[in-house]
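Have a look at the structure below, then the notes.
The values are calculated or read from the model by the stated rules, or taken from the named source; none is laboratory data. Everything numeric in this text was worked out from a predicted model, so none of it was measured. We place every Cβ from the backbone using ideal geometry, glycine too, and count neighbours over all the protein chains shown. Keep in mind that these areas ignore ligands, DNA and RNA; they rest on the heavy atoms of the full protein, side chains included. Shrake-Rupley method; radii C 1.70, N 1.55, O 1.52, S 1.80 Å.
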Amino acid sequence: MRKRFGKVFLVIVWMAAWLFSGTTASANSWGLKGKLLNAVMADHAWDDYSTLSNQAGAFAVMKARYHHALFFVDDLEKLHVYTTAVYQPEDKRGAPSLMILDQDLYLSYGENEQYVFRPWTEDGEYLLYSATIGGFQLLSNWENEEDGVSSFWANEKDSIALWPAKVRLSDFNIKLLPHSVAEVRAMNLMHAQFDSSLQCLGFVEGSGDIYNVDQPGELLHVGKKGTAAVYSAPYGKSAWRAGKGKAAAGLNGDIWLLSGYRNEEGLSYACIRYNVSERTQRIGYALCKDLGLPEIAEWHPDEPLTGFAHVDVEAAADTSLTDDPDVSQYPQFKVPKGTQFTCMGLYNDYYAYVGAEVKNNRFVDGGAIIWGFVPVRDLKPMEQEKQPEAMDKLVGSWEFFAGDSMAADYLVFNSDGTFTAGMWDWDPDTPEQMNAPRASGIWYVTKYHSYMNLYWNKPPYQLTMIYSNGQVTVRGLNFDDEGFSLTDAEGSGGYIPAAQEDVQLTEVHG
């Protein structure tokens, strides 16, 4: 009798605990618990949200009618909200699942799509460690505790490519992460072409990092009432304007300063980012005087790292243009394959900053000027005519002589358009130097025009080297009496002829 009573008592206790926990969970509309619940409760911006996924430790995916986001509270109880880390309602991808295993965060959409993030810093920063998207994988090279992941090997069937990237959870973009080896190679080419124009709208003040949700940049304190008209480009009424032609930033709200621009008429504009809602931001240009900012006195638009690049690109696939690359990524315009743009640089790893003209929702000549953001993976530089005379001068073996490192220490250019490259082999008798790595690929030379604004010395040519492993090097090329020099935005490195027998290069395996 006593034994039976004990079992009944345990059942009652278990049911009471279950009912209590259910009552506690249902008592808040978010379906959260612990520090994450407290952090969400403290900010009324999220009153209409609820859980889309399970809560895993300090993480949960939350939903509203038109918005999904990954919510995370760190050890200091600071709330982080990452929109681009998850699919949005219009993507119709269903609910993800979350799991914490050995401190790593696993984010999964079904059995065939999974992303693993590893803690990196004490203040809650996570880095992408691996990704599996169907038959495609990104596998990280975790170098050391200080640098963390700085590159990935992309694998797909029998194809492989190296993707040099550091992907923070705070700027992770689940839609625009490369989904194939071909996309990795396309992104590598664009990043190499715009090596001198990366992060073209400015750096986060004091950090050297590009924008992410946790490092939004320089916050303006306008201290005015009213609004400032915002245009997509620094040309006022000659530029396209979002919000059905009424886009404006509230001067008493949060406005972040990205960069400045003085147009051909001498008018000073500020490139700004501002909130439209919890799920939407906008990037555009407002007059400096409307924001209480001084006029731009010194202006050097024709200098790399100061002014924009001007390189012709085209859409390699049907895509879209947005004025909000950081949060909603809302497509303001459809971009058909083959659409041509002037590319002014790369905003971040995922978006290029381009210029064009539009009329009646189409890209045309003679329309309103529009500057906006198109996915990097969907663009490619316009094909340029190769320069056979310059290529003939490069055929042979070369060694790095002086200056800054612009490419490998040894370069061997072959007449069939292939090359091999490797690093110094100071002492062939040492095992380390005998195994100095050799890489190979294809190369070509094209004309360089000074208006492209990529290289400080305005060279006549541009050298492109596409490695077999997917890496790309693009540099300005100039010939001199001793050999040739390669340049980037602010440096140069010289090469002189090398005897073939002096070039100690061995094959790389794996």
Discussion item. For the stretch 90-138, which positions are of a type in the set (S, T, N, Q) and touching a residue at least 24 places away in the same chain (Cβ under 8 Å)?
Written reply: S97
Fill in: From the options Y109, Y87, Y115, residue that is under 22 Å from Y350 (Cβ atoms), more than 21 Å from the chain's Cα centre (by Cα) and modelled with pLDDT of 95 or more
Y109
Discussion item. Looking only at the stretch 78-96, count every residue that is surrounded by fewer than 15 Cβ atoms within 10 Å (Cβ to Cβ) and not in a loop (DSSP other than H, G, I, E, B) and tell me the total.
Written reply: 3
Worksheet item: Within the stretch 192-217, restricting attention to residues that are surrounded by 14 or more Cβ atoms within 10 Å (Cβ to Cβ) and charged (D, E, K, R), which residue is modelled with the highest pLDDT?
Response: D195
Discussion item. Considering only residues that are outside any loop (DSSP other than H, G, I, E, B) and over 26 Å from the mean Cα position of the chain (by Cα), which ones fall in the stretch 218-238?
Written reply: T227, A228, A229, G236, K237, S238
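Results for (1) assigned to a loop (DSSP other than H, G, I, E, B); (2) open to solvent by 20 Å² or more (accessible area, probe 1.4 Å), shown as yes or no for each residue.
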| position | (1), (2) |
| --- | --- |
| I296 | yes, yes |
| H300 | yes, yes |
| A317 | yes, yes |
| S320 | no, yes |
| P325 | yes, no |
| G338 | yes, yes |
| E357 | no, yes |
| V374 | no, no |
Item to complete: Return the total of residues in the stretch 63-77 being in a strand (DSSP E or B), open to solvent by less than 10 Å² (accessible area, probe 1.4 Å) and out of contact with any Gly (no Cβ under 9 Å at 6 or more places or on another chain).
Response: 3
Worksheet item: at pLDDT below 95 and part of a strand (DSSP E or B): does that describe G260?
Response: yes
Fill in: Condition met for W153 (assigned to a strand (DSSP E or B), farther than 28 Å from A309 by Cα, open to solvent by 30 Å² or more (accessible area, probe 1.4 Å) and modelled with pLDDT of 90 or more)
yes
Fill in: Scope the stretch 36-72; condition touching a residue at least 40 places away in the same chain (Cβ under 8 Å) and among the polar types (S, T, N, Q); matching residues
S53, N54, Q55
Response to the item:
Residue hits (the stretch 156-173; buried (at least 22 other Cβ atoms within 10 Å of the Cβ) and in a loop (DSSP other than H, G, I, E, B)) are V167, F172
Worksheet item: List the pairs whose first member sits in the stretch 139-160 and is charged (D, E, K, R), whose second member is open to solvent by less than 60 Å² (accessible area, probe 1.4 Å) and at pLDDT below 95, and whose Cβ atoms are under 6 Å apart, counting only residues at least 6 apart or on separate chains?
Response: E143/S150
